[in-house]
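Worksheet: the structure to be examined is printed underneath.
The values are calculated or read from the model by the stated rules, or taken from the named source; none is laboratory data. The shown structure was predicted, so the numbers you read here are calculated from the model rather than taken from an experiment. Cβ coordinates were reconstructed from backbone atoms using ideal geometry, including for glycine residues, and neighbour counts include every protein chain displayed.
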């Protein structure tokens, strides 16, 4: 036992408390419930992760953070890491009362590294006001695979240079405001066609290719002093021949990341309840193997039973001699060092803010970055929207949230935004992500007699129903405008569309930016941060 590792009462930590410091766990409530209280009091939990289920608004979240920290302090524990996936754009757990900033690919389209730094500073400042001191962002995956179902617009673009440059600015912005930045998903989740929430993806590339592309942004972030790196539940064949995912690989986490790349910060696992781990070796054994591989922090986001079994499995592994206690001590020391470094200490925790967390200045920057992101890819008609003729807007919406798809409330749709900006009535039809034949038929009927239709798609690459509808509308010969509300690759499914824009997200702010472009109030100045085809390469925009 290391005598330097002590509790907040200066007593040496027990083995159970040390192991507890290596876990970040989630719970399902707007205030501390029995499950999270038990983990903090009985195990000396190291950290908590928030999801939308924990968030009502910014002030409620600040109160929740303060209450969780008080539970830890009162029970003799350590100050908590309080973490969240606040990437911006489409993966944002906190909206009401906070500034919802554009996501990575929108920022890549705007190509404003200084804007990335400024937006990350805003994000960091607001997170600390809400008691959040660790952000599982930015995503440094390079999205060079149009069929990737999980990264897409969470990436800044398809080149190592864009991702590395933007990512290091984002890291600095967060950490300058006292928030631990966690770049992800090491060694790179961009060139996969499976989602590790559901499957175990494999990246087949050579080590030479990995060093040139996938690993390059992480190397730049390490050189820039990033605090934490999150692992990917992805198999890298060049590094592991036995199908071992990176999260459980000693070769990848210790030999490559810790030793060859000289990373001295925190190694954090992605959630072990993702099916790539939970339906393979299981969460408990996964926790043990992740620590054996070199992880410092184990993320178990949802289920109390799995959280307890994972901690107990690690305790048992130390007691049996499978994991040396010195290995636990090394990770605990890194945890404590970073809590001190970022002033995550009981006496330095911020009071609950009384005034607004999001300010007009913050919102203005978000608006400006969003405005610069809208990309006009194609316009063979020579005009966008004529509000003298009432258009039909077709809005494709997420109707059930997932880990990577957030539900957007209908008051922020394109149709409602156009109506607000023009004072005119706008008919809008709502579709699910995978529209049925009856939905498609009803939408086509709504388009009868219309001369203008604007459809906001959402990952049509993965939705035959969306593609079927767009093709049917295009065949009618009306003025059809398609705007991609998430991945810009949708155009590949219906190249016959004559007018196409990329928005990279369907958040309300992006829809304001899109509406202003469609109405001619703003020029589209964004550039594609990914290649759609030979005709539409990275950097492309149609000049108007």
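Taking the range 462-492 as the region of interest, how many residues are more than 22 Å from residue 373 (Cα to Cα) and part of a helix (DSSP H, G or I)?
13
Of the residues 268, 288, which single one is surrounded by 18 or more Cβ atoms within 10 Å (Cβ to Cβ), modelled with pLDDT of 95 or more, out of contact with any helix residue (DSSP H, G or I) (no Cβ under 8 Å at 6 or more places or on another chain) and closer than 28 Å to residue 215 by Cβ?
Unique residue meeting the criteria: 268.
Any idea how many residues of the range 506-536 are under 27 Å from the mean Cα position of the chain (by Cα) and in a loop (DSSP other than H, G, I, E, B)?
Qualifying residue count for the region: 13.
Please verify whether residue 146 is in contact (Cβ under 8 Å) with a residue 60 or more places away in the chain and out of contact with any strand residue (DSSP E or B) (no Cβ under 9 Å at 6 or more places or on another chain), treating the condition exactly as stated.
Details: in contact (Cβ under 8 Å) with a residue 60 or more places away in the chain: yes; out of contact with any strand residue (DSSP E or B) (no Cβ under 9 Å at 6 or more places or on another chain): yes.
So residue 146 passes the test.
Identify the residue in the range 431-458 that is under 18 Å from residue 505 (Cβ atoms) and part of a strand (DSSP E or B) and, among all such residues, is farthest from the chain's Cα centre (by Cα).
Residue satisfying both the conditions and the ranking: 454.
Show me the helices (runs of 4 or more DSSP H) found entirely inside the range 13-118 where at least 1 residues are without any contact (Cβ under 8 Å) to a residue 60 or more places away in the chain.
34-43, 58-74
Within the group 146, 113, 138, 102, which residue is at pLDDT 90 or above and over 13 Å from the mean Cα position of the chain (by Cα)?
113
Would you confirm, using the coordinates I've provided, whether residue 183 is buried (at least 21 other Cβ atoms within 10 Å of the Cβ), touching a helix residue (DSSP H, G or I) at 6+ places or on another chain (Cβ under 7 Å), modelled with pLDDT under 95 and closer than 23 Å to residue 486 by Cβ?
On the way: buried (at least 21 other Cβ atoms within 10 Å of the Cβ): yes; touching a helix residue (DSSP H, G or I) at 6+ places or on another chain (Cβ under 7 Å): yes; modelled with pLDDT under 95: no; closer than 23 Å to residue 486 by Cβ: yes.
Taking the combined requirement at face value, the residue does not satisfy it.
Under 29 Å from residue 130 (Cβ atoms) and at pLDDT below 90 - does that describe any residue in the range 235-246?
no
Please specify each residue of the range 221-232 satisfying the condition of being in contact (Cβ under 8 Å) with a residue 60 or more places away in the chain and in a helix (DSSP H, G or I).
Within the range 221-232, just 221 meets the criteria.
Can you find a residue in the range 334-344 that is in the same structural domain as residue 445 (by TED's automatic domain parsing) and either closer than 23 Å to residue 249 by Cβ or in contact with a helix residue (DSSP H, G or I) (Cβ under 6 Å, 6 or more places away or on another chain) (or both)?
no
Return the only residue of 478, 444, 509 being buried (at least 21 other Cβ atoms within 10 Å of the Cβ) and assigned by TED's automatic domain parsing to the domain that holds residue 422.
After ruling out the rest, the residue left standing is 509.
Checking the condition touching a residue at least 40 places away in the same chain (Cβ under 8 Å) and buried (at least 20 other Cβ atoms within 10 Å of the Cβ), which residue from 492, 519, 542, 532 passes? If you could, list the steps in order and put the result at the bottom.
Details: 492 fails: buried (at least 20 other Cβ atoms within 10 Å of the Cβ); 519 fails: buried (at least 20 other Cβ atoms within 10 Å of the Cβ); 542 fails: buried (at least 20 other Cβ atoms within 10 Å of the Cβ).
After applying the criteria, what remains is 532.
For the range 397-415, check the following and say yes or no: at least one residue is outside the structural domain of residue 92 (by TED's automatic domain parsing) and more than 23 Å from residue 93 (Cα to Cα).
yes
Go through the range 206-220 residue by residue and tally those that are touching a strand residue (DSSP E or B) at 6+ places or on another chain (Cβ under 8 Å) and either more than 30 Å from residue 337 (Cα to Cα) or part of a strand (DSSP E or B) (or both).
1
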